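Inspection log for the structure reproduced underneath, given as structure tokens.
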Amino acid sequence: METKSKTITTNNKLKPILVTGSHRSGTTWVGRMLTVSPALYYVHEPFNPNHPPGAGICNIRIKTWFKYITEENQQEYLRPIQDMLDGKYSLLRDLKTVRSKRTLKQVLKRAKQFKTYQTQHRTPLIKDPIALFSAPWFYKNLDCRIVIMIRHPAAFVNSMRTLGWHFDFSFFLEQPLLLRDLLPGYEDELRMEQEKLASPEHFSFIKHGAIFWNLMYHTIKNYQENYPDWHFLRHEDISSQPIDKFRRLYTSLGLNWNQEIEQTINQNCTSENSASPLFYVTKRDSQREIGKYKLSLTPSEIDQIREITQDISQHFYTDEEW
């Protein structure tokens, strides 16, 4: 499943790119592989309340997980995020956050990097699954190109359980605009599941993860229907054919592809090349990632995930892919 943009830049000025999707769907991997291109630089999760990229890069701290920004509430966000996408960096603002020698070194390193980015006229790539609900705003108001990652619900739930991750559904319930525009009909279910979070004896990682998957992919399904020029990539497809899929993605995003880029991506997507990876956090044997969940989940757990997600997952995955 792959949707390509029809727009290729013709004036050597690339538009900023937002790589988003659900957690554990390959957004970091794909974002890092795209920023192998010398035309781009990587910005990590400006929407993450726990670790935004730095005050010098984005002069706003978003305090709500999965913040939904739209024209109705954009006033405090528009200018700082536009400045970030324009590549504006403030060393003075970053220095004001320094509290230790370690953070001072980080800020000075960041300042040096941004000087290089500006000299080379690089374009930012924002990697942020937490910005999924705000993707239409990035597209309509900030002229970004959007890449959406998709992952099988059982693989997603298994990854979440392995990490011990779960999300407080109050993040959604406290955003009436989000419930109104993107998640209509989910409020009652979210309130019921939120109550279970406070009662460990009633909490199930399987059900919690499957419901969370539904929220993300109900939204992604609507995006596919309404934004045909966005790029939608299944984790499984790009894992099975990384070179072919990345080459196509580079081309459709207006990025140059060459042998050096191919070699670097191949090095970070297979276990055959023993050379040190460029990005250690993204090196993987991508083929082995496919179907890995079947080694950890029981057949009954997989059946439960399928039952909960079936109405939405059938849009992305066939019966044979279960």
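The values are calculated or read from the model by the stated rules, or taken from the named source; none is laboratory data. Bear in mind that the values here come from a model prediction, so they are computed numbers and not experimental data. So basically every Cβ, Gly included, is an ideal-geometry build from the backbone, and we count neighbours across all protein chains shown.
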State all residues of the range 63-90 that are without any contact (Cβ under 8 Å) to a residue 40 or more places away in the chain and exposed (fewer than 15 other Cβ atoms within 10 Å of the Cβ); if no residue qualifies, say none.
LYS63, GLN75, GLU76, ARG79, ASP86
Does at least one position in the range 98-108 carry a residue that is surrounded by fewer than 16 Cβ atoms within 10 Å (Cβ to Cβ) and closer than 26 Å to TRP137 by Cβ?
no
The range 112-217: helices (runs of 4 or more DSSP H) wholly inside it with 1 or more residues that are in contact with a Leu (Cβ under 6 Å, 6 or more places away or on another chain) and at pLDDT below 95 are 153-163, 187-197
In the range 273-304, how many are over 20 Å from LEU233 (Cα atoms) and modelled with pLDDT of 55 or more?
11
Within the range 114-135, count every residue that is loosely packed, with under 14 Cβ neighbours inside 10 Å and either at negative phi or touching a Phe, Trp or Tyr at 6+ places or on another chain (Cβ under 6 Å) (or both).
5
With GLN82, GLN74 as the choices, which residue is modelled with pLDDT of 95 or more, under 29 Å from LEU179 (Cα atoms) and in contact with a Phe, Trp or Tyr (Cβ under 9 Å, 6 or more places away or on another chain)?
GLN74
Per-region count, the range 289-322, residues small (Gly, Ala, Ser) and crowded, with 16+ Cβ neighbours inside 10 Å:
1
Residue within the range 157-174 that is within 18 Å of PRO46 (Cβ to Cβ) and surrounded by fewer than 20 Cβ atoms within 10 Å (Cβ to Cβ) present
yes
Extreme residue, farthest from TYR317 (Cα to Cα), among residues of the range 244-272 that are at pLDDT below 95 and hydrophobic (A, V, I, L, M, F, W, C)
ILE265
Working carefully through the options TYR139, TYR117, find the one that is closer than 16 Å to LEU18 by Cα and in contact (Cβ under 8 Å) with a residue 60 or more places away in the chain.
TYR139
